[in-house]
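Okay, structure first, notes after.
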Amino acid sequence: MRKKLYANASPPGRDIAIKELKELYNPEPYIKYKYNSLRAINEHSIVKQSNNEHSAREAVIGNMLRKMAPAYKRGKAESIADPLAHRLGKVMRILRKRLSHQDFLEAARHVDNLSPIDQAVFCEGVEKWAAEERKRAGG
């Protein structure tokens, strides 16, 4: 294992995230400034920072944290390995919450007898139905 050159050296792969954060904090370093110096004040910095940049920072940090979560990584690996099985699993979880035990078993048997193309069509129909249910419920 290679020895770190500095005590605060970051592990490989974090350079992209650091670059994104630097671009977020300093999007235009020397454009539209009142004073041309290192401590220049941006004309619109106070208004922009209070409204847009705060939510943009939260979005970038939230996106990074979500992609680092073990559940996200596991789900992504499953969806890459077998997309149809991953989608069927999600649809079956949706149906299990909404159907009775007997109806769920009947739906599972029905899906098991379908061809892969028909399974994909079934998944699409259930996903649309669930999205409409969420809209009606206000969520």
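Quick note: the coordinates plus some simple rules give every number you see, no bench work behind them. In this text the structure is predicted, and so the values were computed from the model without any measurement. When we count neighbours, we look across all protein chains shown, and the Cβ atoms used for this are built from the backbone with ideal geometry, even at glycine.
Structure notes:
- Protection proxy ranking, highest mean first, for peptides 81-87, 65-71: 81-87, 65-71, where packing is the per-residue count of other beta-carbon atoms within 10 Å, averaged.
- Placing a label point 7 Å from the Cα of Leu99 along the Cα-to-Cβ direction, the residues of segment 125-139 with a backbone N closer than 20 Å are 125-134.
- Taking a ≥ b ≥ c as the square roots of the eigenvalues of the alpha-carbon gyration tensor, segment 83-137 is classed oblate because a/c is 1.5 or more while a/b is no larger than b/c.
- Pairs beyond 22 Å (Cα-Cα), from Lys67/Lys135; Lys73/Lys135; Lys97/Lys135; Lys90/Lys135; Lys76/Lys135: Lys67/Lys135; Lys73/Lys135; Lys76/Lys135
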